[in-house]
Each structure stands twice: as C-alpha cells, then as structure tokens.
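Student: This structure is in structure tokens; I'll ask about it shortly.
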Amino acid sequence: MIVKLLLMNILVILQHQMEWIMLLMNMLVILQHQIDWIMLLLHIVEKSRMGMRLRYETQMNMEVWLVLMKMKNMKMQLLRITLR
C-alpha cells in the first residue's frame, strides 16, 4: 500500500515536471517569435535608413549639378559680354 502511494506521488511529480517543461518550451517559442519580430523591425529600419541616405545623396548630387550648371551659364554670359 505504501509503495503504491509512493509510486502515485512520483507519477504526480513527474506529471508536474512535464507540465513545467511544456511551459518552458512554450516560453522559448514565444521568445523566438519576439526575436523574429525584432529582426524584422531592424531590417525595416535599416531599409528606411538606406532609403533616406539614397535620397540625401540624390539631393546632394542634384545640388552639385545645379551649381555646376549655374557656373557654366555664368561663364557663357561672361564670354558673351567680353566678345561684344
């Protein structure tokens, strides 16, 4: 009788341990999903930074081009004035 009670108690303890293990495994799955979301957000932020950098570089290139065109135009006007 005592052995039977001991075995039943051991089975109950094992059942609780299995439940804890399942709970821990579920927590690991949740953590993995959170890590996946964080990685996705980091990827999106990096892409937006790259886009901002590209837009800034394009804007700078346009400004440089405009300055060069203005300088060329001024040189042409000076040439016209000196040729008269």
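Student: Could you tell me which of the residues Leu5, Leu40, Leu31 is assigned to a helix (DSSP H, G or I), free of Cβ contacts under 8 Å to residues at least 24 places away in the same chain and exposed (fewer than 10 other Cβ atoms within 10 Å of the Cβ)? Don't jump to the end; show me each part of the working.
Tutor: Numbers: Leu40 fails: exposed (fewer than 10 other Cβ atoms within 10 Å of the Cβ); Leu31 fails: exposed (fewer than 10 other Cβ atoms within 10 Å of the Cβ).
Answer to the check: Leu5.
Student: Do we find that Met18 is at pLDDT 85 or above and among the aliphatic types (A, V, I, L, M) in this structure?
Tutor: Against the criterion (at pLDDT 85 or above and among the aliphatic types (A, V, I, L, M)), Met18 qualifies.
The values are calculated or read from the model by the stated rules, or taken from the named source; none is laboratory data. What you see is a predicted model; the values in this text were computed from it and never measured. When we count neighbours, we look across all protein chains shown, and the Cβ atoms used for this are built from the backbone with ideal geometry, even at glycine.
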